[in-house]
1. Give segment 188-231 a look and list any residue that's assigned to a loop (DSSP other than H, G, I, E, B), surrounded by 12 or more Cβ atoms within 10 Å (Cβ to Cβ) and at negative phi, or say none.
2. Restricting the search to segment 1-55, which residues are touching a Pro at 6+ places or on another chain (Cβ under 7 Å) and among the hydrophobic types (A, V, I, L, M, F, W, C)?
3. For segment 160-176, does any single residue satisfy the condition of being modelled with pLDDT of 95 or more and more than 24 Å from Ala232 (Cβ to Cβ)?
4. Hey, Arg36 hits all of (1) touching a residue at least 40 places away in the same chain (Cβ under 8 Å); (2) over 21 Å from Leu165 (Cβ atoms); (3) among the charged types (D, E, K, R) but one; which does it fall short on?
5. Restrict the check to segment 97-108 and report whether at least one residue is surrounded by fewer than 23 Cβ atoms within 10 Å (Cβ to Cβ), under 23 Å from Ala219 (Cβ atoms), at pLDDT 95 or above and of a type outside the set (D, E, K, R).
6. Restricting attention to segment 130-144, report how many residues are outside any loop (DSSP other than H, G, I, E, B), surrounded by fewer than 24 Cβ atoms within 10 Å (Cβ to Cβ) and among the polar types (S, T, N, Q).
7. Scan Met213, Met237, Met244 and give me the residue that is farther than 19 Å from Val8 by Cα and in contact with a helix residue (DSSP H, G or I) (Cβ under 9 Å, 6 or more places away or on another chain).
8. Can you find, within segment 1-40, the residue that is surrounded by the most Cβ atoms within 10 Å (Cβ to Cβ) among those that are among the charged types (D, E, K, R) and over 24 Å from Ala91 (Cα atoms)?
Amino acid sequence: MSGKIAIVTGAGSGIGKSIARALHGEGYKVALFGRRKPVLDELAQTLDASGNTAIALPVDIGDRVGVEAAFAAVTARWGRLDLLVNNAGIAGPSASLEEVTGEQWSEVVATNLSGAFYCTQFAFAQMKRQTPQGGRIINNGSVSATTPRPRSAPYVATKHAITGLTKATSLDGRAYNIAAGQIDIGNASTDMTQTISSGVLQADGRIAAEPTMNVEDVARAVLYMAGLPLQANVLNMTVMATAMPFVGRG
């Protein structure tokens, strides 16, 4: 992997931070995208204080103009792009469907769907025009891309849409050696999922604690997907806490 260039969105914490660390450890140069400059700067300093192999680029991925500028900064610095990990996302409100406001809906869609689309657009264009041509895009779908939790309609809708974006990108990328795949993650232990291990609403109305898994196991799965030659692709992968109530009746 030495010398390959990667962008990780939502890199400041949780899953994105773990993925960025793992990629850098495998020899990637890593551009860290996220909204919070201090945490991005801290991670970049930890990975490489010289700035040669890790850079922090604060950006709201829901802002297409900002995304374009961030991608341009990466290619101006390192000349190409080999991997995009579309990881950034927000959970949105825990609310019954009819209680979700227009502002809440738009906020979740802007980050989880529009942001992933904008990043895919600019990554695709760069991978198409560079020499050698091609690259890989990995989308964080979440297990909510197939199976919803109660009171999470905006999040679930955007994650289902990510599956469509993944397939469309995979299809359109065939002619240009661009591979696209999706990793659906269930109950990785991060700040965002702390409530899961203490108790979360189930489909039958109960509040129950659920098992979680080490977030580094997710990073290892992403490394596997990223490490394949472009002639091979993991279109869909589910990595989850083994005993979480996902398969079956809950």
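The values are calculated or read from the model by the stated rules, or taken from the named source; none is laboratory data. Computed from a predicted model, the values in this text were never measured in an experiment. A quick note on method: Cβ atoms are made from the backbone with ideal geometry, for glycine too, and the neighbour counts reach across all protein chains shown.
1. Across segment 188-231, the qualifying residues are Ser189, Thr190, Gln202, Ala203, Glu210, Pro211, Thr212, Asn214, Leu228, Leu230.
2. Selection gives Leu40 alone.
3. So in segment 160-176, the residues modelled with pLDDT of 95 or more come out as 160-176.
Still in the list and also more than 24 Å from Ala232 (Cβ to Cβ): 160-161.
Checking segment 160-176: at least one residue is modelled with pLDDT of 95 or more and more than 24 Å from Ala232 (Cβ to Cβ).
4. Going through the list (1) touching a residue at least 40 places away in the same chain (Cβ under 8 Å); (2) over 21 Å from Leu165 (Cβ atoms); (3) among the charged types (D, E, K, R), Arg36 breaks only (1).
5. No, that holds for no residue.
6. 1
7. Criteria check complete, one pass: Met244.
8. Within segment 1-40, the first condition is being among the charged types (D, E, K, R), and the residues that meet it are 4, 17, 21, 26, 29, 35-37.
Next cut, over 24 Å from Ala91 (Cα atoms) only: 4, 26, 29.
On the way: Lys4: 19, Glu26: 15, Lys29: 23.
Ranking the qualifying residues of segment 1-40, first place goes to Lys29.
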